[in-house]
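Scroll down for the structure; my scribbles are underneath it.
Derivation of every value follows stated rules applied to the coordinates shown; laboratory data play no part. Model, not experiment: these values are computed from the prediction. Note: ideal-geometry Cβ built from the backbone for every residue, glycine included; neighbour counts use all protein chains shown.
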Amino acid sequence: MTEPTSTTVETQSTTLINETAPRRSFVARFQRWEWLLVALIVLVVVLNSQLSPFFLDARNLSRTSSDFMEMGLMMLPMVFIIITGGIDLSVASNLGMSAAFMGVLFMAGVPIWLAALAGLLLGSLGGLLNGVLIAKVKLPALVVTLGTFAFYRGVAYVLLGDQAARGYPPAFTYIGQGKLPGTLIPFSVALFVV
């Protein structure tokens with residue numbers, strides 16, 4: 001008599017687990033908290049559209065989506081970080097530090113596109129610092145990003161203080177404030193979708 005091999009045992013146990021696993025009904029799938037959020041969003045949209053005739057207006061939707069883009073572009077990488085079980089508290093501070101650096105360079109006479117490239121490079125280095133400390137040094141993500149959150153914010157304050165960078169050329173501000181030709185769709189929405 002031959003004994004069953006480990007492959008046979010694994011196949012039988014997998015089949016047994018799959019057969020005994022409870023099957024979720026169609027209704028049970030909609031009882032998750034994510035669907036509650038979807039229902040709340042729909043409720044808010046319906047209520048606001050009833051309370052104000054301008055809520056679903058094309059201009060309002062255009063302005064709202066344009067205002068959302070800055071956060072949306074920061075949230076995209078965060079989705080993947082959170083899905084993998086990590087967290088990054090320093091994203092907005094890194095953005096602020098990079099923007100302050102770009103503004104200081106521009107006010108010092110550096111061409112805007114070169115200053116923007118330098119700002120992107122500094123932001124990438126900030127992200128790389130977080131990644132090295134978390135992945136290679138094996139420090140907890142919460143501790144690292146909380147520390148770099150304060151550090152990046154401090155660097156931004158040292159660079160600009162309470163001043164604002166001004167006088168950007170129209171071609172540069174068009175990226176964040178312009179619209180696609182002949183539409184009300186903000187240019188930043190097109191960048192977000194791409």
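For this structure, a couple of remarks:
- Charge sum, other residues only, whose C-beta stays under 11 Å from residue 94's C-beta, Lys/Arg counted +1 and Asp/Glu -1: 0
- Note on 174, 168: ascending count of other Cβ atoms within 10 Å places them as 174, 168, the fewest first.
- Whole-number percent relative contact order across the stretch 88-194, with pairs defined as alpha carbons under 8 Å at least 6 apart: 34
- Between amide H atoms placed 1.01 Å from N, distances below 5 Å from residue 179 occur with 187, all of them 5 or more places distant or on a separate chain.
- Scaled against 2.2 N^0.38 Å for its residue count N, the alpha carbon radius of gyration of the stretch 55-193 is 1.18.
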